[in-house]
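In what follows, a single structure is set out as structure tokens and then discussed.
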Amino acid sequence: MDKQISLREQLFAFFWCLLVYFFEALQNNYYAAIYNQESNLLKRRLQIAHLSKRLLTVSNEAKQQTELAELKERNRLTHEIHDQLGHSLTGGLIQLEAAQILLKQDPEKAKRLLEQATEISRTGIEEIRQILKATAPSHSRLSWQQLQLELADFESNYAIKTVKKFHGDLGMITPLQWQILLQNLQETLTNTIKYAHANQVEVELNVFNEIIQFKFSNDGDVPVNVKKGLGILGMEQRLAQIEGQLIVDTTNNFELNMLLPISKS
């Protein structure tokens, strides 16, 4: 009887040890999985921090390059105005002063000097126009740069990659069309942050013979049913002002197509 009890106790102790070992193994695996998850999470946080720092560095470098380019342009304009316009205006001023002196002594000569001074001033005004015309960017170039800056700020602030493409003559887009496209882009970027959980957005601007296509897409969550909230309704209303339309496509990714007519005037 004692032997049977002893055997039962041994078996019970064996199975108890086996059970304890089993639970300890499960516990160790559980803690190991948690440790791996925390390690991966820490690595991702470090990667995000590194990427944010890199984006900030790139943004600062771009800002410095822009400031340097602006400074060089100012210096060029200063020298150009001094070399061309300065000499003309100085010559005109000398003619005016000489005419003032001779006005009573020799009216005829003073008249000729005034005519010369007038011609010099007219030439100087034309030089100013030519300088401003050569240096002022076209509204199409300026507007495309505004779109690019909007996307660059978005990428820098939210660490979401942006891809931008354009095709065709951007000069065919009117200032009002540019303004509405920029407003709609800002609206779509805001909605992307709120709802899409995207890693990348793509903007494509195409100018064809009869129509302008402005396409926006992201690789985030695709809604099953697109509800026209205030954002989409606002974009439609803005496009309607210029006889444009908005098409929403969720076949693959979330995609917005804005179609505008080419102005023939």
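Table: residues versus (1) modelled with pLDDT under 70; (2) surrounded by 13 or more Cβ atoms within 10 Å (Cβ to Cβ); (3) of a type in the set (Phe, Trp, Tyr).
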position: Gln105; (1), (2), (3): no, no, no
position: Ala110; (1), (2), (3): no, yes, no
position: Leu113; (1), (2), (3): no, yes, no
position: Gln116; (1), (2), (3): no, yes, no
position: Glu127; (1), (2), (3): no, yes, no
position: Ile131; (1), (2), (3): yes, yes, no
position: Thr135; (1), (2), (3): yes, no, no
position: Ser140; (1), (2), (3): yes, yes, no
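Out of the residues in region 156-168 meeting the condition of being in contact (Cβ under 8 Å) with a residue 40 or more places away in the chain and surrounded by fewer than 17 Cβ atoms within 10 Å (Cβ to Cβ), tell me which one is nearest to Ile193 (Cα to Cα). Let's see the steps before the verdict.
Pass one, region 156-168, residues in contact (Cβ under 8 Å) with a residue 40 or more places away in the chain: 156, 159-168.
Okay, now just the ones that are also surrounded by fewer than 17 Cβ atoms within 10 Å (Cβ to Cβ), so 159, 161, 163-168.
Values: Ala159: 11, Lys161: 12, Val163: 16, Lys164: 18, Lys165: 21, Phe166: 24, His167: 27, Gly168: 30 Å.
Of everything passing the filter in region 156-168, Ala159 is nearest to Ile193 (Cα to Cα).
What number of residues within region 175-186 satisfy the criterion of being farther than 27 Å from Lys53 by Cβ and open to solvent by 40 Å² or more (accessible area, probe 1.4 Å)?
4
Could you tell me whether any residue of region 211-225 is modelled with pLDDT of 90 or more, in contact with a strand residue (DSSP E or B) (Cβ under 7 Å, 6 or more places away or on another chain) and over 17 Å from Lys164 (Cα atoms)?
Yes, region 211-225 contains a residue that is modelled with pLDDT of 90 or more, in contact with a strand residue (DSSP E or B) (Cβ under 7 Å, 6 or more places away or on another chain) and over 17 Å from Lys164 (Cα atoms).
Taking region 206-233 as the region of interest, how many residues are under 17 Å from Tyr195 (Cα atoms) and more than 21 Å from the chain's Cα centre (by Cα)?
Just the residues of region 206-233 that are under 17 Å from Tyr195 (Cα atoms), to begin with: 216-233.
Filter again for more than 21 Å from the chain's Cα centre (by Cα), leaving 221-230, 233.
Total meeting the criteria: 11.
Looking at region 78-94, can you tell me whether even one residue there is at pLDDT 75 or above, in a helix (DSSP H, G or I), out of contact with any Gly (no Cβ under 7 Å at 6 or more places or on another chain) and open to solvent by 80 Å² or more (accessible area, probe 1.4 Å)?
Narrowing region 78-94 to residues at pLDDT 75 or above: 94.
In the following step, the residues that additionally are in a helix (DSSP H, G or I) were identified as 94.
Subsequent filtering for residues that are out of contact with any Gly (no Cβ under 7 Å at 6 or more places or on another chain) retains 94.
Next, from what is left, pick out any that are open to solvent by 80 Å² or more (accessible area, probe 1.4 Å): 94.
There is at least one residue in region 78-94 that is at pLDDT 75 or above, in a helix (DSSP H, G or I), out of contact with any Gly (no Cβ under 7 Å at 6 or more places or on another chain) and open to solvent by 80 Å² or more (accessible area, probe 1.4 Å).
The values are calculated or read from the model by the stated rules, or taken from the named source; none is laboratory data. What you see is a predicted model, and the numbers here were worked out from it, not measured in a lab. For neighbour counting, all protein chains shown are included, and Cβ atoms are generated from backbone atoms with ideal geometry for every residue, glycine included. What goes into the accessible areas is simple: the full protein's heavy atoms, side chains included, and nothing from ligands, DNA or RNA. Shrake-Rupley method; radii C 1.70, N 1.55, O 1.52, S 1.80 Å.
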